[in-house]
Each structure stands twice: as C-alpha cells, then as structure tokens.
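**Q** What follows is a structure written as structure tokens; I'll ask about it next.
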Amino acid sequence: DVKVTQSSRYLVKRTGEKVFLECVQDMDHENMFWYRQDPGLGLRLIYFSYDVKMKEKGDIPEGYSVSREKKERFSLILESASTNQTSMYLCASKRGEAFFGQGTRLTVV
Amino acid sequence: GEDVEQSLFLSVREGDSSVINCTYTDSSSTYLYWYKQEPGAGLQLLTYIFSNMDMKQDQRLTVLLNKKDKHLSLRIADTQTGDSAIYFCAESIAGGGNKLTFGTGTQLKVEL
C-alpha cells in the first residue's frame with residue numbers, strides 16, 4: 001500500500017519561530033510537492049522537487065524554503081513563522097498519479 | 001498560464017446525479033484529475049483522464065472532457081450521503097516535475 005507520511009497532524013508555533021514540516025514517501029517517486037490549502041482558495045503550490053537536491057518555486061514560495069537531501073524525504077521550512085502562514089499544508093508524491101499525505105494543520109500564534 | 005476554476009458549492013438530493021464542473025486554461029495539460037477530500041482528511045484520487053480522451057467511466061463516476069472548450073466534468077450517479085465532500089479538479093502540465101495545478105474545490109452537500 002502506497003504511503004505519503006507527514007510528520008505531524010497538528011502543530012502550534014509562535015510568530016518568528018523556525019518551523020520544519022516533514023514528508024516521507026515510500027514509492028521511490030522522483031516528484032514531490034508542498035501545497036497549502038485555504039478555504040475558497042483551493043490548493044496552492046509552494047515548492048516542488050523533481051529530483052534529489054533539485055527544487056523549483058511554485059506559485060507562493062515567499063516565506064518558505066525546502067530541502068530534498070534524500071529521494072524519499074521532502075521538507076518544508078518556514079524561516080520565520082507568521083500568522084498568515086496559519087493553514088493546512090499538504091505534501092504529495094507523484095510519478096503518474098499523485099498521492100497525498102494526511103495534511104498538517106499549522107497554527108501560528 | 002495555468003488557471004483552474006470550479007464553482008464553490010453544489011447541493012443535491014440523495015439518489016440524484018451530481019455534476020461538478022471545471023474549466024482550465026493550459027492547453028498543454030497531459031492528465032486531468034478528480035480528487036475527493038473528506039473532512040479532516042487528505043486528498044484521495046477518484047479518477048483521471050488522459051488529455052486525448054473524451055470520456056471515462058468508472059462505476060458511478062463519469063468524466064467528460066471537452067478539449068476545445070477546456071472543460072472537464074465529473075458526474076456522480078445515484079449520489080449518496082457518503083459522497084458529501086470537497087471535490088478538486090487538477091491538471092498536470094508536462095515538464096518540470098509534471099506539477100499539478102488545482103481548482104478551488106467544490107463542496108458537495110447531499111441532502112436526504
């Protein structure tokens with residue numbers, strides 16, 4: 001059974017903290033993605049990676065960075081968390097179809 | 001450019017058919033997808049269609065693709081209360097990791 005695992009379901013962080021969201025897939029996929037989901041806005045692409053150490057900006061990369069040191073792991077980093085980054089974050093892994101993790105609901109207070 | 005649009009809400013009665021519509025702008029789309037998201041859950045792939053197909057049927061689901069109008073629809077026959085969820089369409093663009101661009105999602109509410 002294919003699996004995309006996000007390290008946390010719920011996180012609460014303080015403004016200004018550095019935040020790491022981790023995503024691991026067990027399907028040997030090259031392509032991995034980070035989205036944020038907000039009501040009425042759907043899913044917006046933050047960053048994606050099509051190979052180890054390769055990354056490309058999505059539609060809303062500001063305030064985020066990513067790391068892909070190993071094929072199975074794709075990390076999203078909030079350098080200095082702000083309240084407008086409170087959202088649901090979804091990781092996906094793809095070769096043909098995309099598989100999604102369960103999501104991390106991040107609240108920045 | 002890439003833009004995928006959906007209406008935000010749809011309400012149907014149990015047993016009726018639901019039709020969720022989606023329009024997209026990028027003519028280089030290779031695959032078009034429908035995902036379902038139940039409350040508190042991640043996205044689950046329902047079905048997909050290659051861009052060179054017009055129609056795909058999978059049990060209660062029928063996907064229609066009109067490439068000329070860049071219009072995609074998902075029809076759910078005999079809609080049940082368990083079909084209540086948010087439905088996202090997405091397009092996959094060739095190149096650069098085949099990234100997926102999603103619509104805003106349509107909240108389907110099934111009433112008794």
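What follows draws every value from the coordinates through simple rules; no lab data is involved. The structure presented is a predicted model; accordingly, all values stated were derived computationally and were not measured. Note that each Cβ is placed from the backbone with ideal geometry, even for glycine, and that neighbours are counted across all protein chains shown.
**Q** Other chains near A:32-40: what is the mean number of their Cβ atoms within 10 Å of each residue's Cβ?
**A** Neighbouring Cβ atoms belonging to other protein chains average 3 per residue here.
**Q** Let me ask another. If you only keep lysine pairs separated by 8 or more in sequence, or across chains, how many in chain A come under 23 Å at the Cα atoms?
**A** 20
**Q** Compute the distance in nm between two label points, each set 7 Å from the Cα along the Cα-to-Cβ direction, one at B:LEU45 and one at B:LEU112.
**A** Label-label distance for B:LEU45 and B:LEU112, simple model: 3.6 nm.
**Q** I would also like to ask the following. Per residue of region B:75-80, in order, report the coupling 6.51 cos²θ - 1.76 cosθ + 1.60 (Karplus, θ = phi - 60°) as ³J(HN,Hα) in whole Hz, putting x for Gly and Pro.
**A** After applying 6.51 cos²θ - 1.76 cosθ + 1.60, I find 10, 10, 7, 6, 4, 10 Hz.
**Q** Simple spin-label model, 7 Å along Cα-to-Cβ: B:ASP16 to A:GLU97 in nm?
**A** Modelled inter-label distance: 2.9 nm.
**Q** Starting from 0.36 nm per residue, how many nanometres of slack lie between A:VAL12 and A:ILE60 once their C-alpha separation is accounted for?
**A** 15.1 nm
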